[in-house]
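A short worksheet on the structure shown next.
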Amino acid sequence: MPTGGGKSLVFQLPAVLNHELEGQVTVVVMPLVSLISDQEEQMRELGISVTVLKGGGPRDQQLSEFYRIVHFRSQRSSLLPVFVTPEKLAESTRVANILKRLRKNGQLARFIIDEAHCVSQWGHDFRSSYLKLKNLKAAFDDVPITALTATATPGIAQDVQAQLRMTNTVFIKGGINRANLAYRVMKKSRSRVLNDILQLIKDMNGEVQGKASGIVYCGTKVECETVADGLKNLGVTAGFYHASMDTDDRTDIQRRWMADKIQVIVATIAFGMGINKPDVRFVIHYGLSKTMEGYYQESGRAGRDGYPSLAVLFYDYQDKVKQDVMIRTNVTTRNSAAADQAEKKIDSLLSVVEYCENRSLCRRKLIAQ
């Protein structure tokens, strides 16, 4: 399905129906606590109660959650989907026991694996914690599994199926074209790139007759801070976001951007998964994405409200050279598996270069490939 295409509804609606009609529980696995928190808030705003098992809470509180799950038939209005991280699902004996109890009672409807591309080592956002989910099918062979993603090539989709040990699988694929997004590649001149970004922001401000909300993606945390400072010097309210920041600082920057206190957030790919701000009018890449899947996911954070929006990638071949060197430097010739992985990364990078250097084919067609 396309980014912003409503994947959440695919599990939210069946979860509610299964609960109301059959008294069954849907278990939803998400990679990040922040994503779970967003889902929790969204569903509770709709008047739907959820249970969240994310770890870190007092033992009595966790036991209370387990008790509610086991005995929810007597308090059906208090429990619908159960959200859990892959780590919690794989490592908690209590969670495993409660799921077995639910299945024995005929109360376990299905498992939902959100952001399923994270299970594939060939994907752009591989997370080792997702590999622990391969044991689900062995432990609960009669419970259906639904895997959801907005970014999976046919090869990655097959790898996800294999990793999760899914059999008799039905593939449902929606079109990924985002008709309201305009895709553009611009030559990156290091002496004027900030002014070019500023002009794009001004153009989008004119389109919305105000301050257009946007994201600028950078390859490194140093670039993030430099670009954010540069934009601020040019009069743009901007903040930077990367994984090395204190958690509270990252949360504050994201909150201010979501509330339109900051117009532009300058970030590494640490910022993105699960971000759901409908009125993002532009996503600008200061340099190359590492994969086309990653670029589609990142640029797809623009225009989720359906209004015209802009996705721009600034291209300089030297960015490709730098990334190529970094990939090869991290590989030792004695490790064949790592070498194969590096070649996959280089092939993915070359696909992005091909997209940038293309002068004849429609960019939408290249993205769809």
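No lab work stands behind these numbers, since they all come straight from the coordinates. If you're wondering where the values come from, they're calculated on a predicted model, not measured in any experiment.
Taking Cα pairs under 8 Å and at least six residues apart, what relative contact order does region 243-369 come out at, in percent?
Once divided by the residue count of region 243-369, the mean separation gives 22 percent.
Report the relative contact order of the chain, percent, no decimals, based on alpha-carbon pairs under 8 angstrom and at least 6 residues apart.
Relative contact order comes out at 15 percent.
Pairs Lys187/Lys322; Lys221/Lys322; Lys173/Lys202; Lys322/Lys344: which are spaced more than 26 Å apart, C-alpha to C-alpha?
Among Lys187/Lys322; Lys221/Lys322; Lys173/Lys202; Lys322/Lys344, the Cα-Cα distance tops 26 Å for Lys173/Lys202.
Summing -39500 (n - 2.57) over the DSSP H runs of n ≥ 4 in the chain and dividing by its residue number, what mean residue ellipticity at 222 nm do you reach, to the nearest 500 deg cm²/dmol?
About -13500 deg cm²/dmol.
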